[in-house]
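Let me begin by presenting the structure, written as structure tokens, before commenting on it.
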Amino acid sequence: MRDYLVRATSFDNKIRIYAINATNTVKEAQRRHQLWPTASAALGRTLVVGAMMGAMLKGKETLTIKVNGDGPIGEILVDANAKGEVKGYVSNPNVHFQYPDGKLNVSKAVGSKGEIQVIKDLGMKDFFTSSVDLISGELGQDFTYYFAKSEQTPSSVGCGVFVDTDNAVLAAGGFIIQVMPGATEETISQLEKTLENIKPISEMIHEGYTPEDIVKEICQNEPFNILSDLDIRFVCHCNKDRFARGLISLGKDELKQIIEEDKQAEIVCHFCQDKYHFTEEELKELLKSIS
């Protein structure tokens, strides 16, 4: 199945729903970063939410999510845009914790103290930055809290990653349910009861549920309207020219030192792990370009 999300409305347009299958996207992140199982789940959940939040943007707008907890995984960083492109990494990919029942303990990996920071580039002079404290480290609850506190939009966020015993990512997906002005208490109560009883999102994706199926599961017997869909993929726009500009920005003295001591340079992109090699001659050419 392709990775994509859908946007939908229900309950007389008073409830907005985003639902996503991002299995291949999280698989690609796991492959590139050689993530251990719980690290796969933590980064995967953040990629899933990031992709859905990106779908709320327009045109060339972008956002960055930073999750900084006190757990051993360190920082989780995810970039997303309105085109369905998402990428991300964790400071420490080699983290794995489980609960006694075998489920992945994401909270222990992320930590329950710290913050989620969201930085949006909306094409204005300054970036829009907001942050909230982590409340659990499981991330679904934390992003639910983020929407309530920073976006002033009552929401429910579900995100999950199913990782097999051999470390293979078998399923990844999620949903965001947002309550629009005018929604009745009866509607909210009905949704709360539904969310208490539906299967875990990773289980639904693993069983073959499509994003449309997830919307149907959330709405139960209520009619819903699929407004649009969007393909999701792991994309990094790094290139050698961009890293060359980074080397130039180091200045003459530091670039000279690299040439004299190392005779070359190799730069690894944090987001995708692609490597860019600069020979001694290439470094000298970059040095000449510095006025």
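The values are calculated or read from the model by the stated rules, or taken from the named source; none is laboratory data. Treat the numbers as computed from the prediction; the structure is a model and nothing was measured. Using ideal geometry, Cβ is built from the backbone for each residue, glycine included, and neighbour counts are taken over all protein chains shown.
As a summary of the residue check, residue 256 satisfies the conditions (1) basic (Lys, Arg); (2) under 30 Å from residue 93 (Cβ atoms); (3) surrounded by 11 or more Cβ atoms within 10 Å (Cβ to Cβ) except for the one numbered (2).
Residue by residue, here is whether (1) more than 25 Å from residue 83 (Cα to Cα); (2) at pLDDT below 90 holds:
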| site | (1), (2) |
| --- | --- |
| 238 | no, no |
| 242 | no, no |
| 247 | yes, no |
| 254 | yes, no |
| 258 | yes, no |
| 266 | yes, no |
| 274 | no, no |
| 285 | yes, no |
| 291 | yes, yes |
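Of the residues making up the stretch 36-85, those that are assigned to a helix (DSSP H, G or I) and of a type in the set (A, V, I, L, M, F, W, C) are 39, 41, 42, 43, 47, 48, 49, 51, 52, 53.
Scan the stretch 45-62 and give yes if some residue there is over 22 Å from residue 97 (Cβ atoms) and either of a type in the set (Asp, Glu) or in contact with a helix residue (DSSP H, G or I) (Cβ under 6 Å, 6 or more places away or on another chain) (or both), otherwise no. So far as the stretch 45-62 goes, yes, one or more of its residues are over 22 Å from residue 97 (Cβ atoms) and either of a type in the set (Asp, Glu) or in contact with a helix residue (DSSP H, G or I) (Cβ under 6 Å, 6 or more places away or on another chain) (or both).
Taking residue 9, is it touching a Lys or Arg at 6+ places or on another chain (Cβ under 6 Å) and either of a type in the set (Ser, Thr, Tyr) or modelled with pLDDT under 95 (or both)? Yes: the conditions hold for residue 9.
Can you confirm whether residue 198 is without any contact (Cβ under 8 Å) to a residue 24 or more places away in the chain, in the same structural domain as residue 17 (by TED's automatic domain parsing) and in contact with an Asp or Glu (Cβ under 7 Å, 6 or more places away or on another chain)? Here the answer is yes, as residue 198 does meet what is asked. When the residues of the stretch 81-99 are narrowed to those that are closer than 19 Å to residue 232 by Cβ and among the hydrophobic types (A, V, I, L, M, F, W, C), which ends up surrounded by the fewest Cβ atoms within 10 Å (Cβ to Cβ)? Per the stated criteria, the residue is 82.
Considering the conditions (1) touching a helix residue (DSSP H, G or I) at 6+ places or on another chain (Cβ under 9 Å); (2) more than 17 Å from residue 12 (Cα to Cα); (3) assigned by TED's automatic domain parsing to the domain that holds residue 47, residue 250 is excluded by exactly one of them, (3). What do you reckon, is residue 25 of a type in the set (Val, Ile, Thr) and surrounded by fewer than 24 Cβ atoms within 10 Å (Cβ to Cβ)? Answer is no for this residue. Among residues of the stretch 1-30 that are over 20 Å from residue 163 (Cα atoms), those with a Cβ under 6 angstrom from a residue that is of a type in the set (Gly, Ala, Ser) and buried (at least 22 other Cβ atoms within 10 Å of the Cβ), sequence gap 6+ or separate chain, pair up as 5/55; 6/19; 17/8. Going by the structure shown, is residue 102 surrounded by fewer than 19 Cβ atoms within 10 Å (Cβ to Cβ), over 15 Å from the mean Cα position of the chain (by Cα) and within 17 Å of residue 162 (Cα to Cα)? Here the answer is yes, as residue 102 does meet what is asked. Is the stretch 225-233 home to any residue that is at pLDDT 95 or above and over 20 Å from residue 50 (Cα atoms)? Yes, there is a match, as at least one residue in the stretch 225-233 is at pLDDT 95 or above and over 20 Å from residue 50 (Cα atoms).
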